[in-house]
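A quick write-up on the structure given underneath.
The values are calculated or read from the model by the stated rules, or taken from the named source; none is laboratory data. Being a predicted model, the structure only gives us computed values, none of them experimental. Note that we place each Cβ from the backbone using ideal geometry, even for glycine, and neighbour counts take in every protein chain shown.
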């Protein structure tokens, strides 16, 4: 099944809080975004944010007009229904991160929890990094979380790439300075534990 069709089916047939990656609050992500030091005026994009609750907490914290990008229109629609009138305070983009055209230097903070590890093809990962370089301003921060080296081999029936912190940072290369990394033991709604690794980087000014 083509990736977009796969994710449209997932979000059309399963409750948002029933998927394995669901978090009532994305506490680690929100803490790292705050640690970026850009303040509550920072322009934040959540890649693969779809139905995630991170945008709820960004709005509650006063971040102005966060952007949520997701391949699945059904995931975005779920979040928009949850927000009601406040959905207009978010920029919603339905698109493939390896192909989407984002504005240049538009974001202070780039956040991705659990998209990058689905990119099993070298060309797709390279395209992702090109998009990131184009869209994040120099000095901006990048937070990417994937399954750790002891995490699952698949998610939602799809293969993933597992990473050690040094391997994950190496995918982004010299334009990104690694500031910190940490692991998170995520408990799924089904009660299993998945190991994630987070890398927190700064885009070096050219």
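Determine which member of the set 68, 44, 19 is free of Cβ contacts under 8 Å to residues at least 60 places away in the same chain and within 24 Å of residue 197 (Cα to Cα).
Working: 44 fails: free of Cβ contacts under 8 Å to residues at least 60 places away in the same chain; 19 fails: free of Cβ contacts under 8 Å to residues at least 60 places away in the same chain.
From the options 68, 44, 19, the qualifying one is 68.
Filter segment 77-130 down to residues that are out of contact with any helix residue (DSSP H, G or I) (no Cβ under 7 Å at 6 or more places or on another chain), within 24 Å of residue 5 (Cα to Cα) and in a strand (DSSP E or B), then give me how many there are.
Counting residues in segment 77-130 that are out of contact with any helix residue (DSSP H, G or I) (no Cβ under 7 Å at 6 or more places or on another chain), within 24 Å of residue 5 (Cα to Cα) and in a strand (DSSP E or B) gives 3.
Scan segment 107-122 for residues that are free of Cβ contacts under 8 Å to residues at least 24 places away in the same chain and under 14 Å from residue 172 (Cα atoms) and jot them down. Lay out the reasoning, then the answer.
If we filter segment 107-122 for residues that are free of Cβ contacts under 8 Å to residues at least 24 places away in the same chain, which is where we start, we get 121-122.
122, the sole residue that qualifies.
Which numbered condition in (1) surrounded by 17 or more Cβ atoms within 10 Å (Cβ to Cβ); (2) touching a strand residue (DSSP E or B) at 6+ places or on another chain (Cβ under 8 Å); (3) touching a residue at least 60 places away in the same chain (Cβ under 8 Å) is the only one that residue 54 fails?
Failed condition: (3).
Of 173, 190, which residue is touching a helix residue (DSSP H, G or I) at 6+ places or on another chain (Cβ under 8 Å), surrounded by fewer than 17 Cβ atoms within 10 Å (Cβ to Cβ) and in contact (Cβ under 8 Å) with a residue 40 or more places away in the chain? Break it down stepwise before answering.
Working: 190 fails: touching a helix residue (DSSP H, G or I) at 6+ places or on another chain (Cβ under 8 Å).
Step by step, each of 173, 190 is checked, and only 173 is touching a helix residue (DSSP H, G or I) at 6+ places or on another chain (Cβ under 8 Å), surrounded by fewer than 17 Cβ atoms within 10 Å (Cβ to Cβ) and in contact (Cβ under 8 Å) with a residue 40 or more places away in the chain.
Does segment 50-71 contain at least one residue that is over 24 Å from residue 24 (Cβ atoms), in a helix (DSSP H, G or I) and under 16 Å from the mean Cα position of the chain (by Cα)?
Taking every residue of segment 50-71 in turn, none turns out to be over 24 Å from residue 24 (Cβ atoms), in a helix (DSSP H, G or I) and under 16 Å from the mean Cα position of the chain (by Cα).
Conditions (1) loosely packed, with under 14 Cβ neighbours inside 10 Å; (2) modelled with pLDDT of 95 or more, marked per residue:
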| residue | (1), (2) |
| --- | --- |
| 10 | no, no |
| 16 | no, no |
| 29 | no, yes |
| 43 | no, yes |
| 61 | yes, no |
| 64 | yes, no |
| 77 | no, yes |
| 108 | no, yes |
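List every residue pair whose Cβ atoms lie under 6 Å apart, where the two residues are 6 or more positions apart in sequence or sit on different chains, the first residue falls within segment 139-165 and is on the phi < 0 side of the Ramachandran plot and surrounded by 17 or more Cβ atoms within 10 Å (Cβ to Cβ), and the second residue, located anywhere, is at pLDDT below 95 and assigned to a loop (DSSP other than H, G, I, E, B).
141/36
Give me the residue from segment 157-184 that is part of a loop (DSSP other than H, G, I, E, B) and over 20 Å from residue 127 (Cα atoms) and, out of that set, modelled with the lowest pLDDT.
Step one: of segment 157-184, the residues part of a loop (DSSP other than H, G, I, E, B) are 157, 160-162, 164, 173-175.
Right, trim to over 20 Å from residue 127 (Cα atoms) and you get 157, 164.
Numbers: 157: 90, 164: 97.
Going through the qualifying residues, I end up with 157.
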